[in-house]
């Protein structure tokens, strides 16, 4: 009916219909168009691939087994660690979902100088401190503000956790981890931009009949230099490269090219080259200093000039070393 002119009676009918609430619904075409609009949750980034998420979880599972054994012996009480959740969020959302109160430790990586964040619920830290000081009862420990002595013992406990994780990540990706700043005020522990894609790994810690959680926050920028090492595809990457090298060598192995020995060379401005005349002498240096073996225009080896029977020859001494 687009473009048609309504008469007075038609306009009056529409007004009456609107008052009575009997106007026709929108066309099905418009309804279908509305259904195409969907909500996009920008708080759920997908920077980490599914392969990387699985590899991170496997390394954390290994960490839980080794750290449980070491810390159980140190605390003289069974400590069980288990990965219970893995999610990918923005830094702000991942940071906000960490339980409070918690003690947070900035985890520094070498050699890339990036940072992660490890947070542990205060109740678990206080229980560990009690056991490190020789106590045995941790059921009635009340949460309190950590003293300077508490913070020293808390650093010792967290360093034990990070050391175990460092051993695994060193083999996996060549990353060494260490505890940097320690902070009881979790709101101040910011190590990434609020919108940075972050992998949040939650670990349950069961100690003496109590359950607490630890959370490792891994900003994507912190593992960019070694991101490929946390991918399942990387495990077969080396073998694939070797096969590719063999295939390339086989394909180009029969190609012929000119190989020449250069006794010496000198660089001249174009003006002098154009001015050269028969009888001019260019000083190239002594041949006793060696010659350069070139494949095309590319230097590949250095050698010693000599003879093989009645023919001039070059003895290869080693790969060419650039002097630049």
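The values are calculated or read from the model by the stated rules, or taken from the named source; none is laboratory data. Note that the structure is predicted; figures quoted are calculated from it, not measured. Cβ: placed from backbone, ideal geometry, glycine included. Neighbour counts: every protein chain shown.
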Exercise for review: Please specify each residue of the stretch 279-316 satisfying the condition of being modelled with pLDDT under 85 and in a loop (DSSP other than H, G, I, E, B).
Suggested key: 282, 283, 284, 285, 286, 290, 296, 297, 309, 310
Check your understanding: Across the stretch 87-100, what is the number of residues that are over 14 Å from residue 194 (Cβ atoms) and surrounded by 16 or more Cβ atoms within 10 Å (Cβ to Cβ)?
Key -> 3
Check your understanding: Among the residues of the stretch 146-168 satisfying the criterion of being out of contact with any helix residue (DSSP H, G or I) (no Cβ under 9 Å at 6 or more places or on another chain) and touching a residue at least 24 places away in the same chain (Cβ under 8 Å), which is nearest to residue 101 (Cα to Cα)?
Key -> 151
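Conditions tested, residue by residue: (1) at pLDDT 55 or above; (2) not assigned by TED's automatic domain parsing to the domain that holds residue 196.
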| position | (1), (2) |
| --- | --- |
| 30 | no, yes |
| 34 | no, yes |
| 39 | yes, yes |
| 45 | yes, yes |
| 54 | yes, no |
| 63 | yes, no |
| 67 | yes, no |
| 79 | yes, no |
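Being in a helix (DSSP H, G or I) and either without any contact (Cβ under 8 Å) to a residue 24 or more places away in the chain or surrounded by fewer than 16 Cβ atoms within 10 Å (Cβ to Cβ) (or both) is the filter here, so list the residues in the stretch 71-81 that pass it.
72, 73, 74
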